[in-house]
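What follows is a single structure, written as structure tokens, with notes after it.
The numbers here are math on the coordinates, done by the rules we state, and not lab data. Everything numeric here is computed off the predicted structure, so don't read it as measured data. Heads up, the Cβs are rebuilt from the backbone with ideal geometry, glycines too, and the neighbour counts pull from every protein chain shown.
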């Protein structure tokens, strides 16, 4: 229900799962006072029994009197309830579409990040390849050094033994 202060415009709202939606507006007139002498506000009922029917409401005591003297006829009631159901359905569809849009935007952002990090990945790969080549060259040089050192030691030992025998 939406409250309208006397002397202001009447805005037709509907509360759909905690969110108010504006449906239209009309002019208001001064409403009757409550038995407690407080002013009343024009309010719209959205119950299944009285959809769209206007009544005056005291802020402290609630319902005072109907503004619309007659209940809506069955076709009006049916139309209002169908409209309310359609609004509820469309609100759920909008929520689902917004969730899908957020998910798609997150995927797009992830793709943009992976694209922007592509050159970084290529740079890291080239550095890794360069380091691997350098490690292989160093290992080859160490093997040659060990081989030459071992060969030099054997040659020196052989020469020493030969000299000592003479």
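What the table below lists for this structure:
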{"quantity": "Exclusive hit being within 19 Å of residue 32 (Cα to Cα) and either buried (at least 17 other Cβ atoms within 10 Å of the Cβ) or in contact with a helix residue (DSSP H, G or I) (Cβ under 7 Å, 6 or more places away or on another chain) (or both), set 54, 84", "calculated": "54"}
{"quantity": "Residue within the stretch 61-76 that is assigned to a helix (DSSP H, G or I) and surrounded by 10 or more Cβ atoms within 10 Å (Cβ to Cβ) present", "calculated": "yes"}
{"quantity": "Among the candidates 144, 107, 95, residue that is surrounded by 11 or more Cβ atoms within 10 Å (Cβ to Cβ), free of Cβ contacts under 8 Å to residues at least 12 places away in the same chain and farther than 30 Å from residue 34 by Cα", "calculated": "95"}
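One line per residue, one yes/no per condition, for (1) assigned to a helix (DSSP H, G or I); (2) under 39 Å from the mean Cα position of the chain (by Cα):
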| position | (1), (2) |
| --- | --- |
| 50 | no, yes |
| 56 | no, no |
| 87 | yes, yes |
| 96 | yes, yes |
| 106 | yes, yes |
| 113 | yes, yes |
| 125 | yes, yes |
| 131 | yes, no |
| 143 | yes, no |
